[in-house]
Amino acid sequence: MIGYLLRRLLYAFPLLLGINVLTFILFFVVNTPDDMARMHLGQKHVTPESVEKWKRERGYDLPLFWNAKAGGTEKVTGTIFYQKSLGLFLFRFGRSDDGRDIGADIGQRMWPSLAIAVPSLLVGLLVDISVALLLVFFRLTYLEFWGVALCVAAMSVSTLFYIIGGQYLVGKLLQLTPISGYDTGLNAWRFVALPVLIGIVAGVGSGARWYRTLFLEEVEKDYVRTARAKGLPEPRVLFAHVLRNALIPILTGVVVVLPLLFTGSLITESFFAIPGLGSYTIDAINQQDFAIVRSMVFLGSVLYILGLLLTDISYTLVDPRVRLG
Amino acid sequence: MPAPSFPWPPVRASLPWLGFCFWLFLLAACGDPPNNPYPAEDNGKNILYTSFEERPKHLDPARAYSANEYEIIAQIYEPPLQYAYLKRPYQLEPLAAAELPAVSYLDRNGQPLPANAPEEHIGYSVYDIHLRSDVRFQPHPAFAKDEAGHYRYHALSPEQLAQVQTLADLPETGSRALTAEDYLYQIKRLAHPQIHSPIAEMMAGYIVGLKDLSERLAKDFGSRADKSVWFDLRPYALEGVEIVDPHRLKIRLHGKYPQFRFWLAMPFFAPLPWEADAFYAQPGLATKNITLDWYPVGTGAYMMTENNPNRRMMLVKNPHYHEERYPAEGEPEDAARGYLRDAGRKLPFIDRVVFVLEKETIPYWNKFLQGYYDASSLASDNFDQAIQFSGQGNAELTPDMKSRDIRLQTAVATTSMYMGFNMLDPVVGGLGEARAKLRRAISIAVDEEEFIAIFMNGRGIPAQGVLPPGLFGFVKGKDGINPYIYDWAGGEPRRKSIAEAKQLLAEAGYPSGMDARTGKPLVLYLDTVASGPDDKSVLNWYRKQFGKLGIQLVLRTTDYNQFQQKMLNGNAQIFRWGWNADYPDPENFFFLLYGQNAKVGKGGENAANYQNPEFDRLFERMRNLEDGPERFRLIQEMQAVLRRDAPWVFGLHPKTFSLSHAWYQNRKPNLMANNGLKYLRIDGKEREEKRAEWNRPVYWPLPFLALLAVGAVTPAWRVYRRRMRSTAL
């Protein structure tokens, strides 16, 4: 297994390099260094000289990929790509274009993202699986029909509606939680409760339907028939036997997103004024801060690859037949 | 077979509910309205709550230039002058200065000239600034000294640095008196090669020696091996600034530049102590985001004690703030409006100001209605809920707002939004009469009144020229209308008819929108920034306006970057843009059409690339005159030239609408003064009462929802029971 993991880690390098190049190209297709300079220098009294100075100061006056005027290795190293992107492989995020330390910001902002994402995922998973198993339990009854219909209706509604509706109902009409905001430490629970609840409710439609499909596949198998023939009660058949055997596809969907919980949710963080990494990324895109954008894309890619790796490892834990080699 | 228990699936499904109920129990146990987003211990305190949508980019006074940055640093840094809070038209008064600066003139040989010397004789202007002697810097670790008199935190060891996460981790603070050297240090910082002050280039053209200093600094800084080490500016001389004594400095400018007095009211010219610069330059602090750009050090009414731009920023009263009293003079109606109730009382009133991150308008508005924000602007989402128009067309609050004792303040911004013609364009540009007629015809057709009504909820007034109301030279009423576009009828300006516009168009060579020479329809191109789906209806509206004349309008939408690039290259034909005043002087608007400021080739702010020698001559005479009859006359002549040539469709001046609660007082709109927080007052007790009244949690639906859940589960339970009791056959 160790050999497999090492091999996967080595595969990750060209993958990350490719992502880096792609991010770099996409960013600079849309924005030129001149655009970035103007954005940071403001809209008034910006002279061509000050734009040039800004670019020179921050190393954006170099060619993008190939420095034809330089000699030797500097043809490669004297470029924006080399100087701005390759340090990421050592997790040196550097400073944002407005001068803040990106590593420090990420360290600070990942906790609010996690405070929302982790309970939303765990409780949401519990609820989704429970509802899905109940639907399977009541299959071929009117309860299943209406349950699935409700799920379809719930998944057809936009997340934004759940957020605004939830804020309106719980925060404004019932006045039970703050409408938005965040606090540190234990006090955070007051602000986290509503977005987590909304996250769970918004996800239950699609989640329950997906898991129901997985469980329905399992309940027709021989071992289930055997379990029933043994006289096991149906809840036990479903929650002990079927659930366990359906874990592989569940893990595929869940473990892969675990590392991505760090990167936060854009809409939720924005509407609830949660200072997480989701809003950090979108702010950077709006402010054309390439330093932050490349760092967040890189971080997201690393975490995604890590998630895939964890998924593979988790297979071996839930299914003894799986061997990584 | 006994029926198996059905224990855990419903219990699991109920877990969120149980958790929710437990959490409600906790909330109820707090004894505070559970929707209160602030700590309970702050209830009733003298705190102002406001918000920020995105973190300010810079809090360094040499770099900051946008409104959201000024909202914070203007409370902390004190330039020599400020705008009188209540007086209109806007006028300057001393802040850190003891009096308004005395301005004298010298010829090119440095010999004194009389105050009324002709401009062409003036080689230099000298601003003589006397500072107050009772001004001290806020408490700050940069000033802390040990027993031996050495700065305690100017050489932090790696071990000490490891303990520091925020500025508050350095417990000892110090202070010292403000001196003229602090102003000199800041002016030198404008030329610092690493700071990129937005006004550095411009000021280098005015302040004697600043350009030379800039070059010397760039050379010396560039040759340093380690650029992260503090670059001490004190040894560098600046020819144009003379320190007469610790409380007096003279700033020498090239030529005559009366607008310099307005710059002296902006944070660019606030004092900066070298100790702060040296302190923040220590390696290791920047990696913790402890920099001068994030932790300002000033002498103002407030000081920053918490700066977490990811979540919250906090200002508290500066304990060393100098003597300043609430003004006793304002506009005639200020007493009746209650703005003079605090006259003569010591400033500031509010103890703490909390800026909370709030990115969306809907939650902000709801929290404002709950009393958790003290004031709110009006977004289109909530406009109809807050404002209704009376029979006379006046905006007033809806009954719901009135019942909450919410106040409405409106003010016309010192802003001009316009649609410009690229005067270099072969179709719409040029100074000939035919082209002017084409532009005037379009100006008539683009119905700004309709635009304001449809897209701005009536929040704006149509522009009659370049100048917004409130500036010297603006004329109200019949004499102030644009006679090419409006007639005066019934005591108000009335837009000329489309028939007249068509007539102009025909005279311009495009009868019914067809080119008389080629017989082809006239096709024009509008370059504009479109950022979202809302823009579509606006752009369609523009197409319809041009369509009234038979002109086909092609929309070329782009992002702001590309738009700017097009403007720089002169590739746009017609465009939309706007300008916010830097300072309340007509020069700051007319320079937008001065030939030497053309965008193409010169990179200036004259985006229309309008170059009319007649206008330029008038501008050059007007810009440096003191306000008076001569200047007024020149301004009217300039307006007349611009109205005739019509390089812009003079669009509109936006009107700001702002709401505040009754407990938030002294809030008079002042679009020039950024340091207004010190005048504001909060009645914390009244706010607390209102919050308690408006925020009574409603618990009754919860048991109802629980019953509903039980009702929903019952059929499931019955099916379950039936199934468990049934046999296989």
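The values are calculated or read from the model by the stated rules, or taken from the named source; none is laboratory data. Here the structure is a predicted model, which is why all the values come from computation and not from measurement. As a convention, Cβ positions derive from the backbone with ideal geometry for all residues, glycine included, and neighbour counts pool all protein chains shown.
Contact map, the stretch B:491-504: first residue free of Cβ contacts under 8 Å to residues at least 24 places away in the same chain, second residue surrounded by fewer than 16 Cβ atoms within 10 Å (Cβ to Cβ), Cβ cut-off under 8 Å, separation 6 or more or different chains; pairs are B:Arg494/B:Asp487; B:Arg494/B:Trp488. The residues of the stretch A:168-186 that are in contact with a Leu (Cβ under 7 Å, 6 or more places away or on another chain) and in a helix (DSSP H, G or I), listed by number, are A:Val170, A:Gly171.
So which of A:Ile250, A:Ile274, A:Ile285 ends up being farther than 30 Å from A:Phe24 by Cα and more than 13 Å from the chain's Cα centre (by Cα)? Result of the check over A:Ile250, A:Ile274, A:Ile285: A:Ile250.
Within the stretch B:524-554, the residues that satisfy the criterion of being under 27 Å from B:Pro483 (Cα atoms) and not in a helix (DSSP H, G or I) are B:Leu524, B:Tyr525, B:Leu526, B:Lys548, B:Leu549, B:Gly550, B:Ile551, B:Gln552, B:Leu553.
How many of the residues making up the stretch B:350-373 are within 7 Å of chain A (Cβ to nearest Cβ), in a strand (DSSP E or B) and either basic (Lys, Arg) or more than 19 Å from A:Tyr280 (Cβ to Cβ) (or both)? Adding up the residues that qualify gives 0. Out of the stretch A:259-280, which residues are touching a Gly at 6+ places or on another chain (Cβ under 6 Å) and touching a residue at least 60 places away in the same chain (Cβ under 8 Å)? Correct list: A:Thr263, A:Gly264, A:Ser265, A:Glu269, A:Ala273, A:Gly276, A:Leu277, A:Gly278. Only one of the numbered conditions (1) free of Cβ contacts under 8 Å to residues at least 40 places away in the same chain; (2) within 25 Å of A:Asn286 (Cβ to Cβ); (3) assigned to a loop (DSSP other than H, G, I, E, B) is violated by A:Gly107, and that is (3).
Considering the conditions (1) on the phi > 0 side of the Ramachandran plot; (2) within 10 Å of chain B (Cβ to nearest Cβ), A:Gln108 is excluded by exactly one of them, (1). Restricting attention to the stretch A:288-302, does a residue exist that is buried (at least 19 other Cβ atoms within 10 Å of the Cβ), in a loop (DSSP other than H, G, I, E, B), over 13 Å from the mean Cα position of the chain (by Cα) and of a type in the set (S, T, N, Q)? Yes. For the stretch A:252-274, the criterion of a residue being of a type in the set (A, V, I, L, M), over 26 Å from A:Leu194 (Cβ atoms), buried (at least 18 other Cβ atoms within 10 Å of the Cβ) and modelled with pLDDT under 85 is satisfied by at least one position. If I filter the stretch B:683-719 down to residues being touching a Phe, Trp or Tyr at 6+ places or on another chain (Cβ under 6 Å) and touching a residue at least 24 places away in the same chain (Cβ under 8 Å), which single residue comes out as farthest from the other protein chains (Cβ to nearest Cβ)? Only one residue fits best here, namely B:Glu686. The helices (runs of 4 or more DSSP H) found entirely in the stretch A:1-100 that carry 2 or more residues being of a type in the set (S, T, N, Q) are A:2-30, A:80-85. The number of residues in the stretch B:229-246 that are surrounded by fewer than 20 Cβ atoms within 10 Å (Cβ to Cβ) and outside any strand (DSSP E or B) comes to 10. Among the candidates B:Leu292, B:Leu315, the residue that is part of a strand (DSSP E or B) and either touching a residue at least 12 places away in the same chain (Cβ under 8 Å) or within 14 Å of another protein chain (Cβ to nearest Cβ) (or both) is uniquely B:Leu315. Among the residues making up the stretch A:225-239, a single one is β-branched (Val, Ile, Thr) and either surrounded by fewer than 16 Cβ atoms within 10 Å (Cβ to Cβ) or in contact with a Cys (Cβ under 7 Å, 6 or more places away or on another chain) (or both): A:Thr226.
Within the stretch A:31-60, restricting attention to residues that are farther than 23 Å from B:Asn606 by Cα and charged (D, E, K, R), which residue is nearest to the other protein chains (Cβ to nearest Cβ)? This residue is A:Glu57.
Looking only at residues in the stretch B:256-289 that are among the small types (Gly, Ala, Ser) and within 12 Å of chain A (Cβ to nearest Cβ), the one that is nearest to the chain's Cα centre (by Cα) is B:Ala286. Can you go through B:Pro654, B:Pro669 and tell me which one is within 30 Å of B:Lys437 (Cα to Cα), away from chain A (no Cβ under 14 Å) and not polar (S, T, N, Q)? When all the criteria are applied, what remains is B:Pro654. Evaluated against (1) in a helix (DSSP H, G or I); (2) farther than 21 Å from B:Ala413 by Cβ; (3) aliphatic (A, V, I, L, M), B:Leu100 falls short on exactly one condition, (1). Can you find even one residue in the stretch A:314-321 that is of a type in the set (Asp, Glu) and in a helix (DSSP H, G or I)? No: the stretch A:314-321 contains no residue that is of a type in the set (Asp, Glu) and in a helix (DSSP H, G or I).
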